[in-house]
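Pasting in a structure now, in structure tokens, and then I'll have a few things to ask.
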Amino acid sequence: MERPKTAQDIRGLKGVRRQTWITAYDYVQAQLAELAEIDVILVGDSLGMTTLGYPTTLPVTVRDMMHHARIVRRGAPNTPMIVDMPFLSYTDPNQALRNAGRFIQGCGAEGVKLEGGRRILPQVEALVAEGIPVVGHLGLTPQSVHRFGGYRVQARAAEAIRELVEDAESLAEAGVIAIVLEGIPDRVAEYVTRRVPVPTIGIGAGNQTDGQVLVFHDCVGLSARLPKFAKPFADVRTVMVTGLAQYREAVLTQSFPDEAHAYHLADEEWERFLQMMQRP
Ligand code: KIV
């Protein structure tokens with residue numbers, strides 16, 4: 001199957017082929033993701049940490065998400081874009097509808113992602129009933145960092161695994177187009193993947209899910225520190241710092257700008273100018 005164009009295409013990739021998701025937060029990142037033929041761009045609320053400099057995703061607002069989603073849309077007009085609903089923006093069905101509408105109508109998103117299982121089922125059902133594509137998110141859901149007491153791998157005990165499986169089944173039944181599984185043991189993710197009829201997209205969940213998502217900065221090696229599960233596929237941070245240091249050195253030694261990087265004026269015109277300046 002070709003790259004997905006719509007939310008339903010994302011859903012339809014289950015059992016056909018693995019899908020690739022990446023987060024993006026700005027115009028250039030979105031362009032690069034589209035050039036690399038990534039299937040789906042997620043405007044994650046991880047932008048709070050990668051781009052806005054917060055220690056968690058919790059301070060991110062709907063306004064922040066809209067600002068970045070619109071930028072990403074302009075950079076990647078041909079890639080499905082899912083937007084994260086930030087912390088406290090979907091506490092009840094009405095609020096969820098109002099805010100999701102801002103991402104769909106106001107930013108051109110193909111769908112929204114919400115963290116949680118049965119706890120947020122009424123919100124998911126309300127969105128699906130209005131025709132808004134929803135992506136679920138289970139496991140180590142960063143908006144619950146205080147509930148978890150830190151960023152800890154989830155679903156490690158049998159009871160917790162059962163809860164997660166039931167959450168995933170409920171979300172699938174409610175009509176989500178995909179479920180992100182974050183920070184859970186690989187065999188749990190594999191079990192959920194076999195159990196639900198919608199694609200599972202893993203991050204720190206092993207390689208048996210239907211697809212993978214990575215944070216852009218982790219993927220290209222821009223992050224200063226990496227979580228255990230993330231693998232940098234490039235070393236952009238080193239390339240950038242090396243380039244900046246070389247620029248600094250070239251300016252200090254006056255080797256930049258050189259002849260090739262300057263605009264020149266014909267001698268004749270310059271002479272004319274100097275004579276002009278000598279006249280009283
Ligand atoms: O906010 C985000 O980037 C996410 C992904 C890590 C799944 O939710």
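At 0.36 nm per residue, minus the direct Cα-Cα distance, what do residue 277 and residue 70 gain on full extension? Give it in nm, one decimal, please.
Numbers: separation 207, 0.36 × 207 = 74.52 nm, distance 5.14 nm.
Gain in length upon complete extension: 69.4 nm.
Just order 249-261, 161-173 by mean Cβ neighbour count inside 10 Å, highest at the front, would you? Please report the intermediate quantities before stating the final value.
Working: 249-261: 9.3, 161-173: 18.4.
Output ranking for 249-261, 161-173: 161-173, 249-261.
Let me ask something additional. Classify the range 213-280: rounded, prolate or oblate, from the alpha-carbon gyration tensor (a ≥ b ≥ c, eigenvalue square roots; a/c under 1.5 rounded; otherwise prolate if a/b is larger than b/c)? Please list the in-between numbers first.
Working: a/c = 5.35, a/b = 4.11, b/c = 1.30.
Prolate, because a/c is 1.5 or more and a/b exceeds b/c.
Cα to Cα, under 16 Å, and not fewer than 8 places away if on the same chain: which lysines meet these conditions relative to residue 5?
Output for residue 5: 14.
Separation between the residue 118 and residue 92 pseudo-spin-labels, each 7 Å from Cα along Cα→Cβ, expressed in nm?
2.3 nm
Using θ = phi - 60° and the Karplus curve 6.51 cos²θ - 1.76 cosθ + 1.60, what whole-Hz ³J(HN,Hα) does each residue of the range 117-133 get, with Gly and Pro shown as x?
Whole-Hz 3J(HN,Hα) from phi for the range 117-133: x, 4, 4, 10, 4, x, 5, 4, 5, 5, 5, 4, 4, 8, x, 9, x.
Something else: Which of rounded, prolate, oblate describes the range 7-234, given a ≥ b ≥ c as roots of the alpha-carbon gyration tensor eigenvalues and a/c under 1.5 marking rounded, otherwise prolate only if a/b is larger than b/c? List each step's numbers first, then the result.
On the way: a/c = 1.26, a/b = 1.11, b/c = 1.14.
Rounded, because the longest to shortest axis ratio a/c is under 1.5.
Give me the net charge for the shell around residue 224: Cβ to Cβ below 14 angstrom, other residues only, Lys and Arg +1, Asp and Glu -1. Display every interim value, and only then the final one.
On the way: positive: 225, 237; negative: 218, 235.
Residues close to residue 224 contribute a combined charge of 0.
For the range 239-278, with only Lys/Arg (+1) and Asp/Glu (-1) charged at the beta-carbon, what is the dipole magnitude about the Cα centre, in debye rounded to 20? Each step should come with its number before you reach the end.
Details: 2 positive and 7 negative charges, 59 e Å.
For this selection, approximately 280 debye.
Ranked by accessible surface with a 1.4 Å probe, highest first, in what order do 231, 113 come?
Numbers: 231 115, 113 5 Å².
So, going from the largest accessible area down, we get 231, 113.
Using alpha-carbon positions, what is the distance between the centroids of the range 159-190 and the range 12-55, in Å?
21 Å
What accessible area per residue, rounded to a whole number of Å², is obtained for the chain using a probe radius of 1.4 Å? Can you show the working numbers first?
On the way: 15290 Å² over 280 residues.
On a per-residue basis, the chain sits at 55 Å².
Tell me the carbon and sulfur percent of the accessible area for the range 95-234, rounded to whole percent, probe radius 1.4 Å.
Numbers: 3130 of 6290 Å².
That share works out to 50 percent.
At 0.36 nm per residue, and after removing the present C-alpha to C-alpha distance, how many nm does the segment from residue 238 to residue 2 gain when stretched out fully?
My answer for the length gained is 81.5 nm.
Compute the FRET efficiency between residue 187 and residue 248 as 1/(1 + (r/R0)^6), taking r as their Cβ-Cβ distance and R0 = 45 Å, and round to the nearest 0.05.
The formula returns an efficiency of 0.35 here.
List, in order, the whole-Hz ³J(HN,Hα) value for each residue of the range 90-97 obtained from phi through the Karplus relation with A = 6.51, B = -1.76, C = 1.60 and θ = phi - 60°; use x for Gly and Pro.
So the J values, rounded to whole Hz, are 8, 6, 8, x, 5, 5, 4, 4.
Right, another one. Provide the FRET efficiency to the nearest 0.05 for the residue 258-residue 151 pair, computing r from the beta carbons and using R0 = 41 Å. It would help to have the intermediate numbers written out before the result.
Values: r = 48 Å, r/R0 = 1.18.
It comes to 0.25.
Still on this structure, please answer the following. For residue 270 and residue 36, what is the calculated FRET efficiency with R₀ set at 45 Å and r taken between the beta-carbons, to the nearest 0.05? Can you show the working numbers first?
Working: r = 48 Å, r/R0 = 1.06.
It comes to 0.40.
If you line up the long axis of helix 186-195 against the longest principal axis of the chain, both from Cα atoms, how many degrees apart are they, to the nearest 10?
Roughly 60 degrees, rounded to the nearest 10.
Report the residues of the range 188-202 in range of a label on residue 208: point 7 Å along Cα→C-beta, backbone N strictly under 11 Å from it.
188-195
Is the range 97-212 best put as rounded, prolate or oblate by its Cα gyration tensor, with a ≥ b ≥ c the root eigenvalues, rounded for a/c under 1.5, and otherwise prolate when a/b is larger than b/c, oblate when not? Could the numbers behind the result be given before it?
Working: a/c = 1.82, a/b = 1.58, b/c = 1.15.
In terms of gyration-tensor shape, prolate.
Given a 1.4 Å probe and the protein chains all in place, what does the accessible area of residue 270 round to, in Å² to the nearest 10?
My reading of the accessible area for residue 270 is about 120 Å².
Still on this structure: Explain nothing, just the number: dipole magnitude of the chain about its Cα centre with +1 on each Lys and Arg Cβ and -1 on each Asp and Glu Cβ, in debye rounded to the nearest 20. Walk me through the intermediate numbers first.
Working: 29 positive and 33 negative charges, 160 e Å.
My answer is approximately 760 debye.
The values are calculated or read from the model by the stated rules, or taken from the named source; none is laboratory data. Only a predicted model underlies this, so the values are computations on that prediction, with no experimental measurement involved. Note: ideal-geometry Cβ built from the backbone for every residue, glycine included; neighbour counts use all protein chains shown. Heavy atoms of the whole protein, side chains included, go into the accessibility calculation; ligands, DNA and RNA do not. Shrake-Rupley method; radii C 1.70, N 1.55, O 1.52, S 1.80 Å.
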